[in-house]
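The values are calculated or read from the model by the stated rules, or taken from the named source; none is laboratory data. Quick caveat: nothing in here was measured; it's all calculated off a predicted structure. Because the Cβ atoms are built from the backbone with ideal geometry, glycine has one as well, and the counts that use them run over all protein chains shown.
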Amino acid sequence: MERRLAVILATDMVGYSRLMETDQIGTITRQKAHRKELIDPEIERNQGSIIKTTGDGLLVVFQSAVDAVRAAIDIQKGMARRERQRSQDERITYRIGINVGDVVFDEGDVFGDAVNVASRLESMSEPGGLCISDVIHQLVQDGLDERFKNLGSQKVKNITRPVSVWQWTLDTEFEQVDLAEPPRNQRVQFCIAPDGVQIAYARVGKGPVLFKAPNWLNHIEYEWRSAVWGPFLARLAKKHELVRFDQRGGGLSDWDVDDISEASMVTDMTTVVEAAKLDDFALFGISQGCSFSVRYAVEHPERVRCLVLLGGFSRGALKRKSDEQAKLFEASQTMISEGWGSTNPIYRQFFTTGFIPDATPEQKTGFDELQRVSVGPQNLARINRMNALVDTQNLARQLRVPTLVLHSEGDRRVPLEEGRRLAALIPDARFAALQGNNHALVEGTPAFEQFFDEVSAFLNEHNS
C-alpha cells in the first residue's frame, strides 16, 4: 500500500440504466466512441491516470488540480458538441466531481475520504457540469479563466464536517449567481437525535425567539443565496432570533438515515430545541412543517407561546379522498425517481412551477437549484411520501395554543380548502387568505408584504 496526496476525479453517466433500456447497443457503441475519441485522450493529455472503470463511470487520479479541472471542463464541452444533435432524453451526459487529499493506493485501486468526497461531489453536479471542493477551487481560480458558482457548505456522506462546494456548468449566467451570503452573525451548530442522526441547525438575529419547523427542502446556508428564501429569512430575522434546522435526509444534516417519518421530524424538533436551550418561543411552520408544528405544540404546550402556519394542511395528498390529489402525488413520485438528476430541467421545474408560479424567472431558477443541492432523489421520494400520508386532524382539535393560519388563495401545491380546514380544526385559530398563487412566498408580490403585516401584528400581540 502507498499513501500520498492526489487529486481525485469521479464521473459517471446520467440516466445510464434508462439509456441502456432504450438502446443498449447504441448506448454502448456511442460510449466507447466518446471514451476513445474524447475522454481518454483528454485525461492522458492532462497527465491523468484512470484507476477504475465501471459500466458508466471512471475514477481518475491527477497530480495537478489545474490539470484535473481543465480535463473535466474540456470533456464536458466536448460531450456537449458530440451529443448536440440528439434530444435531451437521448443524450449521453456525464457528471464530474473533483477533490484533493491523502489517499491510499492498493492493488490498483484507491481509497480514502478524498475519494468519498469526490464521488459525493459528482452526484451533486448538474448533468454536463462539475462540482469541486473549496480546496480545489482555491488551487485553480488563478490558473483557469473559467468561473464557478458557490454552492456553499454541503453535507457529504460518511464525512462529519460540511464541505464547501463550487459548481461549473456550460450555461450558468454568472453575473446573476452571487446572491446574498449567509449573514455573518448566523451560527451553525450540530446536535445528535436519539437514533444517532446528526442534525444541523442555525440561529440568527436578535429578539424574541422564532423557531421554524422544517419544510419541503432545507439548506441552512444555501437558502440565504436563494432569491426565494433569502429575502424571506432576512425579514423573519429582522426582529427575532430565528432558529431553524435542516431536516434529516438533506441539507447539512445526515443524508444516510434509516427513518424519515413525521415522528422522527418532531423528535428532531425536540432535539434542536434542547440543544439550542430554547425555553419558550413562537413556532413557525410552512407546508408540511405545519403538521409537524401542530404535533409538537400539542406535545409541548409549555414551550410554544403561539403558532404561525403558512400554506399548511392537516391531511396529506393521499388522505384527502381525492383521485386528482392521488394522481398528482403519483406523478410527483415519477418525476423524482425518473428525472431528479436528468439533464432535462422539466422534472424539477414540475415542483418549482407548483410552488412559485407567480415568481420571476430568476426566482424560479434559484428555487430549482436549491431543490437540487438540498437532497437526493431517494430521500426526496421518502419525504414526498411522508408528506402525502400526514394526518394530524385529531391533533389539531386538541391544540390550545394561539394560532394564525395563512394560505394563498390560488396555492397550486396545497389547495386553499386544506388551509381553511386546518384553521377550522384548531380551536379559535385566526385565518388570513393571501393574494396570489404561490405556495412559497417571494419578495415583490402582494402576498409577501401581506404575510409580514399579518404575522408582525400577531407576534407582537403574543410576544409581549
Checklist entry - So is residue 44 out of contact with any helix residue (DSSP H, G or I) (no Cβ under 6 Å at 6 or more places or on another chain) and at pLDDT below 90 or not? => result no
Item to check | Residues of the stretch 286-324 classified as crowded, with 23+ Cβ neighbours inside 10 Å and free of Cβ contacts under 8 Å to residues at least 24 places away in the same chain, total | outcome: 0
Checklist outcome for this item: Exception for residue 417 within (1) among the acidic types (Asp, Glu); (2) over 23 Å from residue 240 (Cα atoms); (3) in contact (Cβ under 8 Å) with a residue 12 or more places away in the chain falls at (3)
Next on the checklist: Name the single residue that is nearest to the chain's Cα centre (by Cα) among those in the stretch 210-242 being more than 23 Å from residue 455 (Cβ to Cβ) and surrounded by fewer than 24 Cβ atoms within 10 Å (Cβ to Cβ).
Outcome noted: 221
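Rundown of residues vs (1) closer than 21 Å to residue 229 by Cβ; (2) under 27 Å from the mean Cα position of the chain (by Cα), yes/no style:
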{"residue": "403", "(1), (2)": "no, no"}
{"residue": "408", "(1), (2)": "yes, yes"}
{"residue": "428", "(1), (2)": "no, no"}
{"residue": "439", "(1), (2)": "yes, yes"}
{"residue": "459", "(1), (2)": "yes, no"}
Checklist entry - With respect to residue 244, is the statement that it is closer than 24 Å to residue 382 by Cα and among the basic types (Lys, Arg) true? => result yes
Item to check | Candidates 238, 212, filtered to the one that is among the basic types (Lys, Arg) and more than 21 Å from residue 439 (Cα to Cα) | outcome: 238
Next on the checklist: Quick check on my filter: what residues within the stretch 437-464 are of a type outside the set (A, V, I, L, M), surrounded by 20 or more Cβ atoms within 10 Å (Cβ to Cβ) and touching an Asp or Glu at 6+ places or on another chain (Cβ under 8 Å)?
Outcome noted: 438, 439, 445
Checklist entry - How many of the residues making up the stretch 107-166 are touching a residue at least 12 places away in the same chain (Cβ under 8 Å) and part of a helix (DSSP H, G or I)? => result 18
Checklist outcome for this item: Checked the stretch 162-181 for anything of a type outside the set (Ser, Thr, Tyr), modelled with pLDDT of 70 or more and either within 26 Å of residue 80 (Cα to Cα) or loosely packed, with under 12 Cβ neighbours inside 10 Å (or both); matches are 165, 166, 167, 168, 170, 171
Checklist entry - If a residue has to be in a helix (DSSP H, G or I), more than 29 Å from the chain's Cα centre (by Cα), of a type outside the set (S, T, N, Q) and crowded, with 17+ Cβ neighbours inside 10 Å to count, how many in the stretch 1-41 make the cut? => result 4
Next on the checklist: Name the single residue that is nearest to residue 448 (Cα to Cα) among those in the stretch 359-371 being touching a Gly at 6+ places or on another chain (Cβ under 9 Å) and buried (at least 18 other Cβ atoms within 10 Å of the Cβ).
Outcome noted: 359
Next on the checklist: Any residue that is surrounded by fewer than 21 Cβ atoms within 10 Å (Cβ to Cβ), out of contact with any Asp or Glu (no Cβ under 7 Å at 6 or more places or on another chain) and outside any loop (DSSP other than H, G, I, E, B) - is there at least one of those in the stretch 243-250?
Outcome noted: no
Checklist entry - Looking at (1) assigned to a loop (DSSP other than H, G, I, E, B); (2) in contact with a helix residue (DSSP H, G or I) (Cβ under 7 Å, 6 or more places away or on another chain), which is the one condition that is false for residue 309? => result (1)
Checklist entry - Here are some conditions: (1) modelled with pLDDT of 95 or more; (2) crowded, with 17+ Cβ neighbours inside 10 Å; (3) not basic (Lys, Arg). Residue 416 meets all but one. Which one does it not meet? => result (2)
